[in-house]
Amino acid sequence: MLGFVPPLPQQPGRPPSSGHMIVCGDDALARRLAVELRFIYGERVTLLLPPGRDANNPETPLTQRGRAAALFGRMSAAMNRAGNGSGSTGGSGDTNAGVEAVRIMEAPEPSDDVLEEAGIDRAAALALVYDDDERNIRAALTARRLNPRLRLVIRLYNRKLGQHLEELLDQAAAVAMPGIDPALLDASTTVLSDADTAAPALAATALTGSSKIIQAEGLLLRSAERPPPRPGESADPGLCTLALLSSTTNDPAGAEGSDSSGDEAPQLLPDERAVADATGRGTVVLEAISRADPDRPATRMGGRGAPLAQIFSRRLRWSALGFALAAVALVIASLLTTKDTALHSAYLTVLDLLGMNDPAEGAPAARQIIQILSGIAGLLLLPLLIAAVLEAFGTLRTASSLRRPPRGLSGHVVLLGLGKIGTRVLVRLRELDIPVVVVEEDPEARGIPLARSMHVPTVIGDVTQEGVLEAAKIRRAHALLALTSIDTTNLEATLYARSVKPDLRVALRLYDDEFATAVYRTLRTAHPGALTRSRSVSHLAAPSFAVAMMGRQILGAVPVERKVMLFAALEVAGHPQLEGHTVEQAFRAGAWRVLAIDATPPADRNPDLAALPPFDPEGDATPPPSGLVWDLHPGYVLRAQDRVVIAATRRGLAELLRRQRSAVPGR
């Protein structure tokens with residue numbers, strides 16, 4: 001466990017002090033993570049960026065250092081406003097330090113010399129959040145060699161490779177530090193994916209209705225956004241009320257609430273009095289918690305394999321059905337007129353259809369007429385067989401190509417972009433059996449092979465060009481998810497889609513919060529009857545990475561408008577706000593709430609909290625010997641050996657960690 005370091009300003013050229021944290025990256029996530037660590041958790045931070053222009057916006061003349069400085073300046077001003085308004089600084093006692101609160105370095109690669117200059121030997125944690133998996137792996141191996149005690153948080157898109165790398169780096173730490181505490185060893189290396197963190201929230205915006213399912217490390221958290229109750233009615237709180245929506249949610253010109261929205265902002269984890277007094281505000285409630293199916297494969301659109309509906313066209317199938325009905329009618333006519341057996345009548349009819357029977361000379365007139373009709377029907381069989389062979393050959397030849405959107409498709413989701421984020425969102429949508437049409441400009445994009453294997457209809461083309469969205473059946477779509485890496489492309493596609501279908505449900509990925517707020521407000525004013533959401537992937541993912549750098553197990557992050565609420569696992573020991581208190585006493589409005597408890601003895605405890613089966617105590621204040629307990633009795637007293645799952649705000653979780661550090665000697 002790290003020792004607590006008071007948050008003092010750090011000059012850009014001054015060498016770092018002991019216990020600081022290092023963030024290495026090349027995109028928005030690195031800057032967001034540095035902001036999170038500095039202004040929420042009060043940590044000393046060294047930010048290592050590549051020199052030159054922004055990789056995501058090469059046309060922007062602002063350098064990486066300039067973008068980071070601008071972001072830190074805005075965050076410092078926001079924290080000052082929040083501190084003056086509420087008396088809370090969020091753990092940062094020197095927010096006036098602004099840009100000087102973070103030491104910024106520029107280097108093309110995190111080499112040995114660069115990491116040593118950044119103070120890797122004295123650092124407590126290192127985050128490697130480059131967009132390139134290979135670069136992150138090389139830097140992680142180097143950092144583990146330079147400082148075996150270092151806590152590593154690594155951003156990797158490849159899940160299986162991440163598991164193997166985590167085991168390898170943990171083993172290296174165990175060899176370098178014999179007798180290390182297993183809990184510390186388990187937290188020494190954490191592999192995360194920003195795509196996996198943000199995908200559930202982005203996919204949830206495409207769901208019909210207000211119910212959202214957030215999958216987090218094997219748990220399914222079902223939350224619902226409920227409208228304000230009518231006069232004389234009381235809202236069902238579910239398991240608990242997670243948030244009160246902002247007071248502007250019913251205002252067509254209102255913006256989504258954020259940390260700087262003042263009294264109009266959404267309130268996270270309110271108490272019962274706040275919920276009762278919040279007339280006219282909607283709520284977000286936690287409805288249910290269950291286990292997810294492990295590694296459930298994403299379903300294909302149209303089923304597995306190559307069904308007949310995909311091999312043969314509809315006209316060919318109707319033609320075959322008509323021929324079969326004609327053959328059955330001939331068999332019935334032969335059976336009725338010749339008084340023969342059913343099997344023999346069917347046999348003679350098949351021979352007549354294939355032209356293999358002898359002429360029915362001397363036979364009754366009815367038999368001769370049936371033979372002539374069978375011969376005519378047999379003439380139709382040959383072109384039908386040839387068409388079937390040609391269609392089957394063409395289908396098999398194009399089985400590896402992308403599928404086009406079907407003619408009658410409607411109620412689907414149009415997904416723009418098949419990069420890292422878009423690919424993960426596509427998997428989530430197909431797991432929920434939501435029909436999807438993908439639009440991607442690059443035929444060699446990362447997610448194209450996945451879309452091909454899942455038989456997802458895909459349109460290759462520039463979404464800003466005329467006719468591309470029409471090819472994706474945007475007029476009959478249910479929702480649009482604009483998830484390309486270019487803000488202007490997402491905005492242009494959204495504006496055009498809204499001009500075609502004003503009531504279309506839209507969620508677009510935008511980097512800049514101020515720009516996202518302006519876009520949201522304008523779209524909501526122009527189309528008050530449609531749902532509009534703007535989301536930043538780095539804003540959704542940064543809290544999870546920050547908690548991992550503090551050595552805690554993060555279960556998930558749930559967006560509430562433009563705020564983020566975290567679900568985390570904590571040991572009760574060392575937390576004076578939890579240990580020895582009842583569940584009701586441990587609740588801190590606007591900061592944290594205990595949702596579940598694992599009372600398994602530490603020696604028998606499963607390190608994977610999400611793998612434990614849920615248990616319903618049915619009002620009993622005594623938990624079972626093992627397993628997770630949800631819907632706890634408010635009078636249950638939390639013990640030091642317990643492990644809990646909490647819902648917390650970013651500042652609330654930071655306060656818990658700071659209090660634990662100051663309360664436990666030697667930590």
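The values are calculated or read from the model by the stated rules, or taken from the named source; none is laboratory data. Since the structure is predicted, the reported quantities are computational estimates derived from the model, not experimental observations. FYI the Cβ positions are ideal-geometry reconstructions off the backbone, even for glycines, and counts take in every protein chain you see. Accessible surface is based on the protein model in full, side chains and every heavy atom, while ligands, DNA and RNA are left aside. Shrake-Rupley method; radii C 1.70, N 1.55, O 1.52, S 1.80 Å.
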TODO: Identify all residues within the range 587-608 that are part of a strand (DSSP E or B) and of a type in the set (A, V, I, L, M); write none if there are none.
DONE: Val594, Leu595, Ala596, Ile597
Open item on the list: Filter the range 172-225 down to the residues that are under 30 Å from Ser410 (Cα atoms), out of contact with any Leu (no Cβ under 9 Å at 6 or more places or on another chain) and at pLDDT below 60 and list them by number.
Closed with: Thr208, Gly209, Ser210, Ser211
Open item on the list: Any residue in the range 398-416 that is surrounded by fewer than 13 Cβ atoms within 10 Å (Cβ to Cβ) sitting within a Cβ distance under 9 Å of a residue that is at pLDDT below 85 and hydroxyl-bearing (Ser, Thr, Tyr)? List the pairs, counting only those 6 or more apart or interchain.
Closed with: Gly411/Thr208
TODO: Six or more apart or on different chains, Cβ under 7 Å: which pairs go from a residue in the range 133-157 that's under 20 Å from Ala542 (Cα atoms) to one that's open to solvent by less than 30 Å² (accessible area, probe 1.4 Å) and acidic (Asp, Glu)? Could you list them?
DONE: Arg155/Asp194
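Here is a yes/no grid of residues against (1) touching a helix residue (DSSP H, G or I) at 6+ places or on another chain (Cβ under 6 Å); (2) modelled with pLDDT under 85; (3) not β-branched (Val, Ile, Thr):
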position: Val389; (1), (2), (3): no, yes, no
position: Arg397; (1), (2), (3): no, yes, yes
position: Ser401; (1), (2), (3): no, yes, yes
position: Pro405; (1), (2), (3): no, no, yes
position: Leu426; (1), (2), (3): no, no, yes
position: Glu431; (1), (2), (3): no, yes, yes
position: Glu444; (1), (2), (3): no, no, yes
Open item on the list: When you scan the range 348-355, do you find a residue that is modelled with pLDDT under 70, open to solvent by 30 Å² or more (accessible area, probe 1.4 Å) and not in a helix (DSSP H, G or I), even just one?
Closed with: yes
Task: Within the range 519-552, tally of residues that are more than 17 Å from Leu126 (Cβ to Cβ), at pLDDT 70 or above and either of a type in the set (Phe, Trp, Tyr) or out of contact with any strand residue (DSSP E or B) (no Cβ under 8 Å at 6 or more places or on another chain) (or both) - done: 7
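So, restricting to helices (runs of 4 or more DSSP H) that lie completely within the range 410-484, which ones have at least 3 residues that are charged (D, E, K, R)?
Numbers: elements: 420-431, 448-453, 468-471.
Helices (runs of 4 or more DSSP H) meeting the threshold: 420-431.
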- [ ] Go through the range 472-500 and give me each residue that's open to solvent by 50 Å² or more (accessible area, probe 1.4 Å) and over 22 Å from Gly447 (Cβ atoms).
- [x] Arg475, Arg476, Leu495, Tyr496, Ser499
Task: Sole residue being among the β-branched types (Val, Ile, Thr), open to solvent by less than 20 Å² (accessible area, probe 1.4 Å) and at pLDDT 80 or above, chosen from Val558, Val564 - done: Val564
- [ ] Could you grab me the full set of residues in the range 146-163 that are surrounded by 21 or more Cβ atoms within 10 Å (Cβ to Cβ), of a type in the set (A, V, I, L, M) and in a helix (DSSP H, G or I)?
- [x] none
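Does the range 51-67 hold any residues that are at pLDDT 85 or above and open to solvent by less than 20 Å² (accessible area, probe 1.4 Å), and which are they?
Taking the range 51-67 as the starting set, the residues that turn out to be at pLDDT 85 or above are 51.
None - no residue of the range 51-67 is at pLDDT 85 or above and open to solvent by less than 20 Å² (accessible area, probe 1.4 Å), so the list stays empty.
Answer yes or no: is there a residue in the range 260-271 that is of a type in the set (Ser, Thr, Tyr), more than 30 Å from Ala388 (Cβ to Cβ) and either at pLDDT 60 or above or part of a helix (DSSP H, G or I) (or both).
Here is the first cut: in the range 260-271, the ones of a type in the set (Ser, Thr, Tyr) are 260-261.
Checking which are more than 30 Å from Ala388 (Cβ to Cβ) leaves us with 260-261.
This time we only want the ones that are either at pLDDT 60 or above or part of a helix (DSSP H, G or I) (or both), so: none.
Among the residues of the range 260-271, not one is of a type in the set (Ser, Thr, Tyr), more than 30 Å from Ala388 (Cβ to Cβ) and either at pLDDT 60 or above or part of a helix (DSSP H, G or I) (or both), which makes the answer no.
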Open item on the list: Any residue that is in contact with a Leu (Cβ under 9 Å, 6 or more places away or on another chain), open to solvent by 30 Å² or more (accessible area, probe 1.4 Å), basic (Lys, Arg) and touching a residue at least 40 places away in the same chain (Cβ under 8 Å) - is there at least one of those in the range 534-550?
Closed with: no
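Can you tell me which of Glu166, Glu116 is open to solvent by 30 Å² or more (accessible area, probe 1.4 Å), touching a strand residue (DSSP E or B) at 6+ places or on another chain (Cβ under 6 Å), on the phi < 0 side of the Ramachandran plot and not small (Gly, Ala, Ser)?
Numbers: Glu116 fails: touching a strand residue (DSSP E or B) at 6+ places or on another chain (Cβ under 6 Å).
Testing whether each residue is open to solvent by 30 Å² or more (accessible area, probe 1.4 Å), touching a strand residue (DSSP E or B) at 6+ places or on another chain (Cβ under 6 Å), on the phi < 0 side of the Ramachandran plot and not small (Gly, Ala, Ser) leaves just Glu166.
Within the range 445-467, which residues are surrounded by 14 or more Cβ atoms within 10 Å (Cβ to Cβ) and of a type in the set (Gly, Ala, Ser)?
Here is the first cut: in the range 445-467, the ones surrounded by 14 or more Cβ atoms within 10 Å (Cβ to Cβ) are 445-448, 450-452, 454-461, 463-464.
Selection gives Ala445, Gly447, Ala451, Gly461.
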